[in-house]
1. Assuming THR84 fulfils every condition listed in (1) at pLDDT below 95; (2) surrounded by fewer than 18 Cβ atoms within 10 Å (Cβ to Cβ); (3) β-branched (Val, Ile, Thr) apart from one, which condition is it?
2. Please enumerate the residues belonging to the range 183-202 that are farther than 14 Å from MET231 by Cβ, of a type outside the set (D, E, K, R) and surrounded by fewer than 23 Cβ atoms within 10 Å (Cβ to Cβ).
3. Considering ALA205, ALA227, ALA191, which residue is within 24 Å of ALA86 (Cα to Cα), hydrophobic (A, V, I, L, M, F, W, C) and assigned to a helix (DSSP H, G or I)?
4. Could you please find all residues in the range 243-273 being within 18 Å of TYR223 (Cβ to Cβ) and acidic (Asp, Glu)?
5. Check whether at least one residue in the range 208-219 is small (Gly, Ala, Ser), under 16 Å from the mean Cα position of the chain (by Cα), surrounded by fewer than 18 Cβ atoms within 10 Å (Cβ to Cβ) and within 23 Å of ASP112 (Cα to Cα), and report yes or no.
6. Can you name the residue in the range 226-257 that is surrounded by fewer than 20 Cβ atoms within 10 Å (Cβ to Cβ) and of a type in the set (Gly, Ala, Ser) and is also nearest to LEU179 (Cα to Cα) among such residues?
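The values are calculated or read from the model by the stated rules, or taken from the named source; none is laboratory data. Please read these numbers as outputs of a predicted model, since none were measured by experiment. Here the Cβ positions follow ideal geometry from the backbone for every residue, glycine too, while neighbour counts run over all protein chains shown.
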Amino acid sequence: MQGFCGFNAFAAPQDANGPRIAPALPARPGTANARGMTAYKSGDPTTLNRLYGRAKGKPLRAGQQDLVDHLLPQIAVPAEGPVTAARLFGFDRPLHFEIGFGGGEHMAARADMLPDHGFIGAEPFLNGVAQALVHVSGDPHLAGKGGTHPPLANVRIHHGDALEVLRRVPDGALSFVYLLHPDPWPKARHAKRRMMNDGPVDLIAAKLKPGGEFRFGTDHPIYLAHALMVMRRHRHQFEWLARTADDFLVRPGGWPETRYEAKARAQGHEVWYFRWRRK
């Protein structure tokens, strides 16, 4: 399959003058390729053990603050111990995990589609958590023009570091993991902050059951190229589900649009969608 910038993510493409070389991967940690993509700089979010970016934006509206104060404690992921479907929802069910859910539109829509499944979302940005709680609550007065969902009983939220919760999920327990429009950290020196790195991908692979699905979306070309290089190193764990060159250019069915995706399209950005199956 032809990927970004005309290269196949798994093999170097050909042209009239012979094979063109796909972007080279560094030979060892701490080095960078000629384009400065730094897909393999020393460290990643699993070893940095800190969060970057804003923790809070503009002041919350009164209704949002009320949800943070009263609804969030009721549906929060426990601060300690294993994170299992039985513990969160009372019985075993397929589990989904969204890393950095933004405003929660995708998580809420998926939870509404699949009421018999359990959804865990983690987000460090308080304003995003508050917006997700609006979706979960189903309060039409808070939802505004964007509409609302029925109250969602199958969602649990963690306000904080997604990896801390993901580590507490038993291996092989997840059916889906979502990483949609993460912060691209486009500067080369910040590449190790990107969630799409070897440490997080290994962790995701461990937590997904065989046949489970990892979904990734971005509108940032640097992050796209970086992600393809990272996932190329994880072919022993994941099978890319694309079958044609257009597969990663069209949002698949059952993949609700996020506000970040809508904003990107409004700005004229191309958006790319990836689905990998755990081997």
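1. (1)
2. PRO184, TRP185, PRO186, ALA188, HIS190
3. From the options ALA205, ALA227, ALA191, the qualifying one is ALA205.
4. If the condition is that a residue be within 18 Å of TYR223 (Cβ to Cβ) and acidic (Asp, Glu), then GLU261, GLU270 are the ones that fit.
5. No.
6. Result: GLY254.
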